[in-house]
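As structure tokens, the structure follows; a few thoughts come after it.
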Amino acid sequence: MKPTVVFDLGKVLVDFDYAIAARKIVARSTHPPDNLNFLWESPLLLQLESGQLNRQEFFEAMQKAIGFQGDLEEFSLYFGDIFEPIAPMVDLHSMLRQQKIPTYILSNVSDIAVNHIRKHFPFFNHFDGYVFSYEAGSLKPETKIYEALERLTGKRGTDLIYIDDRPENIEAANVRGWRAILHESPEKSRAAVLKFLRGTLKFN
């Protein structure tokens, strides 16, 4: 049985910068905060990504806090348009698919971000499955979201190869016996994946 490769999303498959959204949102607000950190440091973001708030509730809370003058559609456009694919990692995923290696995404993320990425980046639609924090009701490194991935894949322990850029998330995967790779660069992650898959891949 072939191992399954699981990717984190942000900073692994796509880069992002919340400041891009914050600047646009601030420009449309009547009483914006003094700095741009409000967007990614707000507890509202964690509540959105953990499924405690839906997008409408998140929008209304943010609108109340800073006086955003647009509607939910405009806010979602700004909030979602912060991503760029990390080409070498997208290429790694494509290579794994060509080799018939099952691939999944395990990510702390909101539905606003997922909808934007799905719409604009075709590669995102070609995974075997997805576990998103807002659907699982749990954020990495909590146990619940890792268990959700194991149920979805039907795999456990060393049958799962996992790439993530955050040490605490890697540690939680290691505790479960996954073969976890701390993402420091596309080159290092690719080399580590290929090492784990030695004897599984076939090239012409």
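Pairing residues of region 7-20 that are farther than 14 Å from S107 by Cβ with residues that are at pLDDT below 95 and open to solvent by 10 Å² or more (accessible area, probe 1.4 Å), at Cβ distances under 6 Å and at least 6 apart in sequence or on separate chains, gives Y18/W40; A19/L36. Within region 112-122, the set of residues being open to solvent by 30 Å² or more (accessible area, probe 1.4 Å) and under 17 Å from D8 (Cβ atoms) comprises R118 only. Please work out if R198 is of a type outside the set (G, A, S) and modelled with pLDDT under 95. So R198 fits the description; yes.
Residue selection: S138 fails the criterion of being small (G, A, S), over 27 Å from Q52 (Cβ atoms), at pLDDT 95 or above and buried (at least 17 other Cβ atoms within 10 Å of the Cβ). Taking region 62-91 as the range and being more than 23 Å from S189 (Cα to Cα), acidic (D, E), open to solvent by 50 Å² or more (accessible area, probe 1.4 Å) and part of a helix (DSSP H, G or I) as the test, only E73 passes.
Any residue at all in region 32-54 that is in contact with a strand residue (DSSP E or B) (Cβ under 7 Å, 6 or more places away or on another chain) and within 26 Å of S189 (Cβ to Cβ)? Looking for residues that are in contact with a strand residue (DSSP E or B) (Cβ under 7 Å, 6 or more places away or on another chain) and within 26 Å of S189 (Cβ to Cβ), one finds none in region 32-54, hence no.
Being under 18 Å from S107 (Cβ atoms), of a type in the set (G, A, S) and buried (at least 16 other Cβ atoms within 10 Å of the Cβ) is a condition met by at least one residue of region 147-155.
In the set Y104, Y130, Y162, only one residue is open to solvent by 50 Å² or more (accessible area, probe 1.4 Å), in contact (Cβ under 8 Å) with a residue 12 or more places away in the chain, closer than 22 Å to S50 by Cβ and of a type in the set (S, T, Y); that residue is Y130.
The values are calculated or read from the model by the stated rules, or taken from the named source; none is laboratory data. Here the structure is a predicted model, which means the values were calculated and not measured. Here Cβ is always computed from backbone atoms with ideal geometry, including for glycine, and neighbour counts include all displayed protein chains. These area figures cover heavy atoms from the full protein model, side chains too; ligands, DNA and RNA do not enter into them. Shrake-Rupley method; radii C 1.70, N 1.55, O 1.52, S 1.80 Å.
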